[in-house]
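**Q** Provided herewith is a single structure, encoded as structure tokens, for subsequent inquiry.
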Amino acid sequence: MELTYSEAEEEFRAGLREWLAAELPKLPAKPDPLDWPGRRAYDCGWQRRLYDAGYGHVHWDASPTQRLIFLEETEKAGAPYVGANFVGLLHAGPTIAAEGTAGQRARWLEPVLRGDEVWCQGFSEPEAGSDLAALRTRAVRDGDAYVVTGQKIWTSHAEVADWCELLVRTDPEAPKHRGISWLAMPMSSPGITVRPLCTLAGSTEFAEMFLDEVRVPVANRVGEENDGWRVTMVTLSFERGTAFVGEVVACRRVLGELAREARKNGRWDDPVLRRRLGRLGAEFQALWRLTQWNVSEAQATGGVPGVGGSVFKLRYSHARQELYDAAAAVLGPDALDLGRDWNLDRLSSLSYTIAAGTSQIQRNIVAERILGLPKGR
């Protein structure tokens, strides 16, 4: 299918292209990838430019089609990605916009849009990853606050975050999906210990987080007490449905670069490699069409992505890994040189079948919620 754009949407695209062409040359040099305070400053500076130009709102206060246009055009232009603002702009922000009270939206959304505040995600635990509802971090009500104790892992951007979207168990006696609440926790609170985790690529965008009787105001709960699993499904629908749109555009660009490199170094003469790159071209074209279909569905149903996001996330994760495996075939022995283009991306691609819900979890969602198959026992 081909998404049809209205005249107003094409005007939005043209204006964005013009602004990007004028603004991108003014950006400062990119910081060292391992310098997270520097990366936070750079990413938030870019977000402030977007905000001042009227584009800061697109991740949740715009139509899904405008959001798609924005992500497509910024990636094509080589603009900075959301970076340290990933959780705030693509997870917590849209969730608060959809589920928060008027006061919560007023307090938290504008600082994210301006690039003033960064969020991290406190979902997974050492024994609650794929089975997220098995989380054990406890929140005990004490007057107008919850007292939170427990441990989180793979907490994205915790070392530079101001806030954490935190899942806690508020009713240990309830069935595991029904005793969870969604809290916004200030990262400056006493009792929080953050220990960065080093990835294969040498970066530290993830961390362990230890919570020792951390007090979080009850007013910071998004949704009703014990209704956090439903709120979490809203968060995950954004994470799986629209958060990777710009990356599909980037992968299509990388595929073209690989073809040019193969022609340059002689590996284009291998018919197996050519067929491999051609199949990947068709794969990413299909993923882009699926993205457009998901956006059309979201536009028709109030802006929240549906379970089709799981189909996209499942296939995209594997396609990305296949793309960078193909990059290794194009590079040959240079695939061992981490200073070469694509090699660090190849390492990071290994996480995609785990992050944002493992491929096994996505298959379960597709089987049960789309195909209507019975749950396994």
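**Q** How far is it, in nm, from the label point at Lys30 to the one at Met233 when both lie 7 Å from their Cα along the line to the Cβ?
**A** Once both label points are built, they end up 3.8 nm from each other.
**Q** With N set to the number of residues, divide the alpha-carbon radius of gyration of segment 27-162 by 2.2 N^0.38 Å and report two decimals.
**A** Here the Cα radius of gyration is 1.17 times the empirical estimate.
**Q** For segment 58-139, which trypsin sites (Lys or Arg not before Pro) are in a loop by DSSP, counting at most 16 other Cβ atoms within 10 Å?
**A** Filter output for segment 58-139: Arg136.
**Q** Follow-up question, since we're still on this one. What number in nm² do you get for the chain if you take the convex hull of its Cα atoms and divide its surface by four?
**A** 19.9 nm²
**Q** Can you give me the long-range amide H partners of Phe206? Hydrogens built in the peptide plane at 1.01 Å from N, cutoff under 5 Å, separation of 5 or more residues or another chain.
**A** Here His157, Leu197 satisfy the definition.
**Q** Could you tell me what fraction of 2.2 N^0.38 Å the Cα radius of gyration of segment 115-217 comes to, as a two-decimal ratio?
**A** 1.04
**Q** With a Förster radius of 35 Å, plug the Cβ-Cβ distance of Tyr5 and Arg369 into 1/(1 + (r/R0)^6) and report the FRET value to the nearest 0.05.
**A** 0.75
**Q** Students often forget the sequence filter, so: which lysines lie under 22 Å Cα-Cα from Lys76 once same-chain residues fewer than 8 apart are removed?
**A** Lys26, Lys30, Lys313
**Q** Ignoring ligands, DNA and RNA, what percent of the accessible area of segment 135-189 is carbon or sulfur (1.4 Å)?
**A** Its accessible area is 47 percent carbon and sulfur atoms.
**Q** Shifting gears a bit: Could you state the accessible area per residue of segment 1-113 in Å², with a 1.4 Å probe and every protein chain left in place?
**A** Computed with neighbouring chains in place, this is 44 Å² per residue.
**Q** Oh, and also: So which GluC sites (Glu not before Pro) in segment 1-77 pass both tests, a DSSP loop state and at most 10 other Cβ atoms within 10 Å of the Cβ?
**A** For GluC sites (Glu not before Pro) across segment 1-77 that sit outside H, G, I, E and B with at most 10 neighbouring Cβ atoms in 10 Å, the list reads Glu2.
**Q** Turning to a different aspect of this structure: For Ser124, enumerate residues with amide H under 5 Å from its amide H, sequence gap 5+ or separate chain, H modeled in the peptide plane.
**A** For Ser124, whose amide H was placed from the backbone, the distant partners under 5 Å are Ile153.
**Q** Before rounding to the nearest 500, sum -39500 (n - 2.57) across all DSSP H runs of length at least 4 in the chain and divide by the residue total; then give [θ] at 222 nm in deg cm²/dmol.
**A** It comes out at -15000 deg cm²/dmol, rounded to the nearest 500.
**Q** What aspartates and glutamates sit close enough to Lys176 to cross-link, taking a C-alpha to C-alpha distance under 20 Å and skipping anything fewer than 8 places away on the same chain?
**A** Glu125, Glu127, Asp131, Glu165, Glu224, Glu225, Asp227, Glu368
**Q** Kindly provide the GluC sites (Glu not before Pro) of segment 123-212 that DSSP labels as loop, not H, G, I, E or B, and whose Cβ sees at most 10 other Cβ atoms within 10 Å.
**A** Sparse-neighbourhood loop GluC sites (Glu not before Pro): Glu173.
**Q** Calculate the dipole size of segment 112-231 relative to its Cα centre from +1 charges on Lys and Arg beta carbons and -1 charges on Asp and Glu beta carbons; express the result in debye to the nearest 20.
**A** The calculation lands at about 180 debye.
**Q** Shifting gears a bit: May I ask you to evaluate 6.51 cos²θ - 1.76 cosθ + 1.60, the Karplus curve with θ = phi - 60°, for each residue of segment 75-89 and list the ³J(HN,Hα) values in order in whole Hz, giving x for glycine and proline?
**A** 5, 4, 7, x, 6, x, 7, 5, x, 5, 8, 3, 5, x, 7
The values are calculated or read from the model by the stated rules, or taken from the named source; none is laboratory data. Note that the coordinates shown come from a computational prediction; the quantities given were computed from them, not determined experimentally. A quick note on method: Cβ atoms are made from the backbone with ideal geometry, for glycine too, and the neighbour counts reach across all protein chains shown. Surface areas here come from the heavy atoms of the whole protein model, side chains and all, with no ligands, DNA or RNA. Shrake-Rupley method; radii C 1.70, N 1.55, O 1.52, S 1.80 Å.
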